[in-house]
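The values are calculated or read from the model by the stated rules, or taken from the named source; none is laboratory data. Please read all numbers here as calculations on a predicted model, not as lab measurements. When we count neighbours, we look across all protein chains shown, and the Cβ atoms used for this are built from the backbone with ideal geometry, even at glycine. Heavy atoms of the whole protein, side chains included, go into the accessibility calculation; ligands, DNA and RNA do not. Shrake-Rupley method; radii C 1.70, N 1.55, O 1.52, S 1.80 Å.
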Amino acid sequence: MVNLVSSQSLHRLQSCSDHLIGFRDHPTHSSRKVSVFCVSSSINGSLKLESCTAETKVTGLRSKKLPLNDQWRSGRVNGNHHEDFGMTDYKRLSNPTRYNFEGLFVDNNQESNNTILLSFCANGNFVKASNLMDVMARLGQIPDFSSCISVIRALVRMDRLEKAQTALKVFVFSGGSPDVITCNMLIGGLCKRGHLRLAMNIVEDMGFSGCSPDAITYNSIIRCMFDHHMFDRAIRFWKEQLRKGCPPYLITSTLLVELVCKNRGVSQAMEVLNDLTFEGFSPDTVTYTLLINIAGKEGKVNDVLKVLLDLLARGLDPDSFTYSTILHCLCRGRNWAEAYEVSAIMNQASKPPTPATYNILINGLCKCGRLDQAIDCFDKMALEMVHFLKDVGHSPDLITYNTIIDALAKNREIKKAMDLFNEMIVDGIRPDEVTYGSLERIGGCCYRGFGYDGLWSVQS
């Protein structure tokens, strides 16, 4: 049996004007018909959404049932009491008012409204859900916390930032504690829209709601400040956070230094970096490589070398990517003296460069017709290739040794060839005719079974 709306609800319908939410007007000459939806409780406690019409006249009120329009299940309610309210037809309504929406749910208790709130979220009706949260707040009811989080995140994704802020306030005032992901989503959305002050307010309130900002939070704020050319303010902001006890997030400090370098140059970026070290920041190789990359793209060789020297002065060991970035810059500007100096430094480093790093220098030298230097660099690369393979647990085979020894022999690198020959013997690789032929090409320096200059070999 279909339960119609109660007389109290119908009286409310009659008193609301033509703009009632959830009702379709069917005007006639002497009366007004409205299609309404009512929710009735069945014996088992589930909620059903039924369709009916109510006709209002000057002299009275009557109603009749129409065929079932839809059935809606959204959970259970306690007890067998009747809960009825109008469901909003948003597609057909152009101007809903707060009073009308609130009137649909004011007679519901907290559990019933939370059941509706959960259903709104499950069906993706997040704007309706946020409106219901507002109603519940005014009624002193506590909305379901998990639904609140879903509503806030959905509104941010929909770019409904104002409603998302309101939903966050309702959530917090109701006793909820937002998680950092939700706050970061809202802060990021506000920063993208340029609403820095509103984003800052949320950051300040996060600590009071039991949710501390993290590196992503601060990154969003700093990026927004730089987007609006607030360079000095961004620097002051991050220093203030560090002095307040904020962890010196490496990613945030590196971001700040990088943005300063892009907008103010390497010199000021290094000043900021040095200042941050007094606040607990410990730059790493990535920090310096970013600065080198920026200066290198701008062709500022002196700045590149300045950053490299500061990196070495702090006891940091550049990796192959850092060296590759430096050599790219130097070779592009044909700064060969500096390139050789860097090459000498990286040959003595605890982390030897990879063959790819040497290839950058060799390629640059060959393009400029410096073949002798390119061959010399290739020799160094060949030896480093052997050591690299050993370090990663892959000992070179006979073919590899023969190829490199032959290249050294052709370039008259006698000592290097013999050193590699001895390494080959120590590794248990027996030389063959090709090996000896390469060594004999450099003037009979090594005979089969006999060493040269104190070096030794094995009789084949």
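Values computed for the structure shown
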{"item": "Failed criterion for Gly140 (all others in (1) part of a loop (DSSP other than H, G, I, E, B); (2) in contact with a helix residue (DSSP H, G or I) (Cβ under 8 Å, 6 or more places away or on another chain) hold)", "result": "(2)"}
{"item": "Residue within the range 380-394 that is modelled with pLDDT of 70 or more, buried (at least 17 other Cβ atoms within 10 Å of the Cβ) and outside any helix (DSSP H, G or I) present", "result": "no"}
{"item": "Complete set of residues in the range 245-268 that are of a type in the set (A, V, I, L, M, F, W, C), under 24 Å from the mean Cα position of the chain (by Cα) and over 11 Å from Ala215 (Cα atoms)", "result": "Leu256, Val257, Leu259, Val260, Cys261"}
{"item": "Flag for Val301 being open to solvent by less than 40 Å² (accessible area, probe 1.4 Å) and touching a Phe, Trp or Tyr at 6+ places or on another chain (Cβ under 6 Å)", "result": "no"}
{"item": "Residue in the range 408-415 that is part of a helix (DSSP H, G or I), under 30 Å from Gly333 (Cα atoms) and at pLDDT 75 or above present", "result": "yes"}
{"item": "Residue identified as of a type in the set (Phe, Trp, Tyr), modelled with pLDDT of 75 or more and within 30 Å of Ser438 (Cα to Cα) among Tyr323, Tyr340, Tyr358", "result": "Tyr340"}
{"item": "Lone unmet requirement of (1) in contact with a Phe, Trp or Tyr (Cβ under 7 Å, 6 or more places away or on another chain); (2) open to solvent by 20 Å² or more (accessible area, probe 1.4 Å) for Arg243", "result": "(1)"}
{"item": "Extreme residue, nearest to Cys368 (Cα to Cα), among residues of the range 321-356 that are polar (S, T, N, Q) and surrounded by fewer than 17 Cβ atoms within 10 Å (Cβ to Cβ)", "result": "Asn347"}
{"item": "Enumeration of residues in the range 282-292 that are over 12 Å from Leu255 (Cα atoms) and open to solvent by less than 40 Å² (accessible area, probe 1.4 Å)", "result": "Thr285, Thr289, Ile292"}
{"item": "Residues (of a type in the set (Asp, Glu) and not in a helix (DSSP H, G or I)) located in the range 294-342", "result": "Glu298, Asp317, Asp319"}
{"item": "Count of the range 306-320 residues which are modelled with pLDDT of 85 or more, under 31 Å from the mean Cα position of the chain (by Cα) and either at positive phi or of a type in the set (Gly, Ala, Ser) (or both)", "result": "1"}
{"item": "Scan of the range 197-213 for residues that are open to solvent by 40 Å² or more (accessible area, probe 1.4 Å) and in contact with a helix residue (DSSP H, G or I) (Cβ under 7 Å, 6 or more places away or on another chain), ordered by number", "result": "Leu198, Ser212"}
{"item": "Residues satisfying the stated conditions in the range 148-167, i.e. of a type in the set (Gly, Ala, Ser) and either outside any helix (DSSP H, G or I) or buried (at least 23 other Cβ atoms within 10 Å of the Cβ) (or both)", "result": "Ala164, Ala167"}
{"item": "Candidate set from the range 430-444 (those that are in a loop (DSSP other than H, G, I, E, B) and surrounded by fewer than 18 Cβ atoms within 10 Å (Cβ to Cβ)); member that is modelled with the lowest pLDDT", "result": "Gly444"}
{"item": "Complete set of residues in the range 168-183 that are open to solvent by less than 50 Å² (accessible area, probe 1.4 Å), under 15 Å from Thr217 (Cα atoms) and assigned to a helix (DSSP H, G or I)", "result": "Val180, Thr182, Cys183"}
